[in-house]
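Visitor: Input: one structure, supplied below.
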Amino acid sequence: MTDTVYSKGFLINLKDIDKVVSGLISDIVTSIVMISTSSNDCDATGIGNEISIATGFFIDNRIIVTVSHFLDEDRRGLERSLCIVTTVGEIVKGVVIGVDDKYDILFISTESKVDHSVIPLTYVNPIIGSISIAGGMAYGILRPFFSLGIVSGYEVKAPINNRLVEGLMLLSTPILPGMSGGPVVGLNGQLYGVIVAKYSDSNEFALAIPVSRIYFSYEILRRYGKVSHIKLGLVLIDYKPKLYSYGFRNGLIVSRNDNEKLKEFCSIESNDIILSINNINLNSLEDLRIALDLALINNKDIEITYYDFNKKRIERCTVPIYSFILHN
């Protein structure tokens, strides 16, 4: 059997890929932790008495990210103490410092004394087809489990713990119970996202929070001490065929304007096309989320460039940032 394959003019050495994957897994292992709410103290006696469990991983020396849905509503408050178990057996306390229920993200601070690797955040999401490695602490195993797959798609909506979470990433990656909150990493070593759940009833596909969501939620947390997001109040559709028919290559089509405050500044109506916000072109719904998060981080008013369907021309308007309702 050959160790190389030929694809689109490139000779791929399978042994090199094997080395890359095994090397990445070695790095990821030391960043992964098991997070639990225990009926006992955070020591060896508490292991096995967990009320709920999830995976998490370090994004900074003392900061861990995971999913918020593994905690019940009454257990999700700030300063909530959790038990953190590293892959080398260290058991320490962690404290919830930020919750983003809109995107199912939880930030935890801990005082781990064991050396661990950090998976740094980026605001650039991987392209569809990118090879990914998913890792997590599966139930009953108490050690990391890894699987290989690809990024299959974006903009998936799913009910997570009775909340509809939007903008999720679809992975053709098998996962096991307990891996929620684990990292999804590319062959370049960059974080791609955080595992949320398996997709539908299939263990062969998984849902993940894209890395851009974690990046901007963390930046908002650092800026304001809590996580909030601007609620624009527009129902928008990403439908490229209709955009192309109007002669545009980017933009989001307005289905409905539910924001009465917005109407005081902008005459945006159904069938108009939002082209950009604060000079960020909107090629996707994620571009919209990024533009609004950046405006919040920088405490900047919202400048909207849009195509007025009735007037058949491009219009601009500026809305004071204090006019918007924030998602907490």
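Visitor: For segment 100-109, indicate whether the set of residues that are β-branched (Val, Ile, Thr) and over 25 Å from Gly193 (Cβ atoms) is non-empty.
Guide: The answer is no; no qualifying residue exists.
Visitor: So which residues in segment 285-302 are within 21 Å of the chain's Cα centre (by Cα) and of a type in the set (D, E, K, R), if there are any at all?
Guide: Glu286, Asp287, Arg289, Asp293
Visitor: Looking only at segment 7-36, how many residues end up being in a strand (DSSP E or B) and modelled with pLDDT under 80?
Guide: 5
Visitor: Run Val95 past the list (1) of a type in the set (Val, Ile, Thr); (2) surrounded by 17 or more Cβ atoms within 10 Å (Cβ to Cβ); (3) at pLDDT 65 or above and report the number of the one that doesn't hold.
Guide: The number of the failed condition is (2).
Visitor: Let me ask you something else. Can you name the residue in segment 167-184 that is surrounded by fewer than 24 Cβ atoms within 10 Å (Cβ to Cβ) and without any contact (Cβ under 8 Å) to a residue 60 or more places away in the chain and, of all such residues, is nearest to Tyr103 (Cα to Cα)?
Guide: Leu170
Visitor: Here is a follow-up. Would you check which residues across segment 146-159 are over 15 Å from Ala197 (Cα atoms) and more than 18 Å from the chain's Cα centre (by Cα) and list them?
Guide: Answer for segment 146-159, where residues must be over 15 Å from Ala197 (Cα atoms) and more than 18 Å from the chain's Cα centre (by Cα): just Leu148.
Visitor: Could you name every one of the helices (runs of 4 or more DSSP H) located completely within segment 236-313 that has at least 1 residues being under 28 Å from Tyr224 (Cα atoms) and out of contact with any Lys or Arg (no Cβ under 8 Å at 6 or more places or on another chain)?
Guide: 260-263, 285-297
Visitor: Can you spot a residue in segment 43-60 that is surrounded by fewer than 17 Cβ atoms within 10 Å (Cβ to Cβ), at pLDDT 60 or above and assigned to a loop (DSSP other than H, G, I, E, B)?
Guide: yes
Visitor: With respect to Leu221, is the statement that it is surrounded by 15 or more Cβ atoms within 10 Å (Cβ to Cβ), more than 21 Å from the chain's Cα centre (by Cα) and among the aliphatic types (A, V, I, L, M) true?
Guide: no
Visitor: Looking at the structure I just gave you, is Asp308 more than 30 Å from Ile97 (Cβ to Cβ) and either out of contact with any helix residue (DSSP H, G or I) (no Cβ under 9 Å at 6 or more places or on another chain) or free of Cβ contacts under 8 Å to residues at least 12 places away in the same chain (or both)?
Guide: The answer is yes for Asp308.
The values are calculated or read from the model by the stated rules, or taken from the named source; none is laboratory data. Predicted, not measured: the structure shown is a model, and the values here were computed from it. Neighbour counts are summed over all protein chains in view; Cβ atoms, including those assigned to glycine, are modelled from backbone coordinates with ideal geometry.
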